[in-house]
Amino acid sequence: MLQRELAETNREVMALTLELEKRVEERTTDLHEAQQQLEHKNARLEAANKELEAFSSSVSHDLRAPLRHLQGFTEALVEDYRSVLGEQGQEYLTHITDAVAQMSALIDALLGFARTAQQPLNQTDVDFDDLTHKIISEMQLEQAGRRIEWIVPSLPTVHGDPALLRQVWVNLIENAVKYTRNKDSARIEIGCRDQSRHELVFFVKDNGAGFDMSHAQQLFGLFHRLHRAEEFEGTGLGLANVRRIINRHGGRTWAEGEAGKGATFYFSLPKHSH
């Protein structure tokens, strides 16, 4: 009786051992396949980065050169042939000069956007309180004469790349300043909501031009603009850059607004990123 039980137990142990070996082999195969897929993705990412570097270099050299020629010849025309051109001719040249300046700004923005993807994250503690107050002080000097009510409570220190996170705040605060330009009394609020164990949510809220919420998902796309260039200047790359930077920090970006009644732009950062 005991021998039969032992034999039965041995058979069960053997069966379990074989099943375990089979599962280990399957897991090993899965891990090997996952590693191969990861290596393949890394190779593709490296290739994409190299293409991006080549693109940046091409944009920098191949597009800037003809722009410089355009700018130089336009300035020469204005300087040497102003009297011959007449009023309408001078107006045409002004349009050309403005277009060249806009194209140059767009190239700079494109290169900045490309560099954001290539630049390694240099993470350290970033004092958002100090950072936002410095940015606001700089903008107040540029906006001398404008009446802007700033509401900025104390902000926490986070962990991230100081240079890239500064770009985020500059873009969002500049947008708020720009889109409240037509308000007699602009109001801009900056704040933080600690609503989750996992992330901090920051926002910039204004009472400016706003936007239709049906376009909210497109706001952070490349070259997407909700207002005509004649109304508000810009390249359409600022918010795309914000999203890319925050994504690299493991956060999220979104916006809320109403046409003619202002907008709020949000971004989140993980609480425990170091």
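Partners of Lys41 within straight-line reach, counting lysines whose Cα lies under 17 Å from its Cα and excluding those fewer than 8 residues away in the same chain: Lys50. Accessible surface ranking for Trp254, Trp169, 1.4 angstrom probe, highest first: Trp254, Trp169. Heavy-atom accessible area for Leu111, with the other protein chains in place and a 1.4 Å probe, reaches approximately 20 Å².
Taking θ as phi - 60° and the Karplus parameters 6.51, -1.76 and 1.60, the scalar couplings of region 157-163 work out to 8, 10, 10, x, 7, x, 5 Hz in sequence order, x denoting glycine and proline. Cβ-Cβ distance of Asp212 and Arg248, R₀ of 41 Å, FRET efficiency by 1/(1 + (r/R0)^6): the value works out to about 0.90.
Given R₀ = 35 Å, what would the calculated FRET efficiency be for Leu18 paired with His40, taking r from the Cβ atoms and rounding to 0.05?
0.60
Strictly over 20 Å apart at the Cα level, which of Lys178/Lys261; Lys178/Lys205; Lys205/Lys271; Lys134/Lys183 would you flag in this model? Over 20 Å apart, Cα to Cα: Lys205/Lys271; Lys134/Lys183. Stretched out straight at 0.36 nm per residue, the stretch from Lys261 to Glu138 would grow longer than its current Cα-Cα span by 41.7 nm.
When Tyr92, Tyr179 are compared by accessible area of protein heavy atoms, the largest-first order is Tyr92, Tyr179, using a 1.4 Å probe. For Leu200, the residues whose amide H sits under 5 Å from its own are Leu269, Lys271, ignoring neighbours fewer than 5 places away on the same chain, with H placed 1.01 Å from N. Measuring with a 1.4 angstrom probe and ignoring ligands and nucleic acids, Asp206 comes out at about 20 Å² accessible.
The values are calculated or read from the model by the stated rules, or taken from the named source; none is laboratory data. Please read these numbers as outputs of a predicted model, since none were measured by experiment. Reconstructed Cβ throughout: ideal geometry from the backbone, glycine too, with neighbour counts over all protein chains shown. The protein model used for the area step is the full one, side chains on, heavy atoms only, and it has no ligands, DNA or RNA in it. Shrake-Rupley method; radii C 1.70, N 1.55, O 1.52, S 1.80 Å.
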